[in-house]
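Input: a single structure, listed below in structure tokens.
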Ligand SMILES: Nc1ncnc2c1ncn2[C@@H]1O[C@H](COP(=O)(O)OP(=O)(O)O)[C@@H](O)[C@H]1O
Ligand SMILES: [Mg+2]
């Protein structure tokens with residue numbers, strides 16, 4: 001596990017960008033943390049690192065649940081499951097079909113996926129410290145996630 005302190009939104013953006021720039025195939029990433037903790041800011045940087053065009057302005061897909069962006073030869077799928085009522089609704093958004101080596105899936109409010117025992121390659125937790133900085137902990141399960149994190153110079 002890597003634990004980092006971010007003292008500004010641009011630092012959180014940069015951490016996301018660094019991770020994004022190391023990704024060359026499909027992967028699933030969970031972003032946990034309270035409202036305002038920096039999850040969407042992280043995704044904005046992550047998208048830049050992946051090569052998503054700056055013509056897209058990335059916001060939390062709270063109402064549409066999923067937004068997709070072309071990223072080099074891959075597709076970035078940004079999900080926000082805050083409003084999802086049950087894991088059954090995942091079927092309606094075609095979640096299962098997204099999991100392949102061309103989709104990079106990054107999920108805000110992923111907790112509901114616990115009900116279908118979904119395993120992410122990388123889990124990232126955002127917490128506030130007493131000075132309102134963000135403490136970002138990155139952990140991996142499985143080989144692809146572990147390799148990625150150990151190669152991160154953060
Ligand atoms: N260190 C930091 N990291 C991320 N965001 C920060 C930081 N410090 C202040 N902020 C501000 O906090 C807010 C984070 O919002 P956002 O990324 O949308 O959070 P979330 O998606 O977790 O609800 C933004 O307004 C951002 O400018
Ligand atoms: Mg958000």
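Could you tell me whether the stretch 84-98 includes any residue that is under 20 Å from residue 34 (Cβ atoms), away from ligand 2 (no atom under 16 Å from the Cβ) and free of Cβ contacts under 8 Å to residues at least 24 places away in the same chain?
For the stretch 84-98, residues under 20 Å from residue 34 (Cβ atoms), away from ligand 2 (no atom under 16 Å from the Cβ) and free of Cβ contacts under 8 Å to residues at least 24 places away in the same chain: absent.
Looking only at the stretch 33-57, which residues are within 21 Å of residue 118 (Cβ to Cβ) and more than 12 Å from ligand 2 (Cβ to nearest atom)?
46
Give me a count of the residues in the stretch 40-81 that are in contact with a strand residue (DSSP E or B) (Cβ under 6 Å, 6 or more places away or on another chain), within 14 Å of ligand 1 (Cβ to nearest atom) and over 23 Å from residue 96 (Cα atoms).
Counting residues in the stretch 40-81 that are in contact with a strand residue (DSSP E or B) (Cβ under 6 Å, 6 or more places away or on another chain), within 14 Å of ligand 1 (Cβ to nearest atom) and over 23 Å from residue 96 (Cα atoms) gives 0.
Take residue 60 and decide whether it is within 14 Å of ligand 2 (Cβ to nearest atom) and in a loop (DSSP other than H, G, I, E, B).
In short, yes.
Name every residue in the stretch 19-39 that is in contact (Cβ under 8 Å) with a residue 60 or more places away in the chain and within 14 Å of ligand 1 (Cβ to nearest atom), in order of residue number.
Within the stretch 19-39, 29, 30, 31, 32, 33, 34, 37, 38, 39 qualify.
Residue 101: farther than 14 Å from residue 27 by Cβ and either within 16 Å of ligand 1 (Cβ to nearest atom) or exposed (fewer than 12 other Cβ atoms within 10 Å of the Cβ) (or both), yes or no?
no
Give me a count of the residues in the stretch 2-20 that are within 16 Å of ligand 2 (Cβ to nearest atom) and within 16 Å of the chain's Cα centre (by Cα).
Within the stretch 2-20, residues that are within 16 Å of ligand 2 (Cβ to nearest atom) and within 16 Å of the chain's Cα centre (by Cα) number 5.
Coordinate-derived values only; no laboratory data. Being a predicted model, the structure only gives us computed values, none of them experimental. Reconstructed Cβ throughout: ideal geometry from the backbone, glycine too, with neighbour counts over all protein chains shown.
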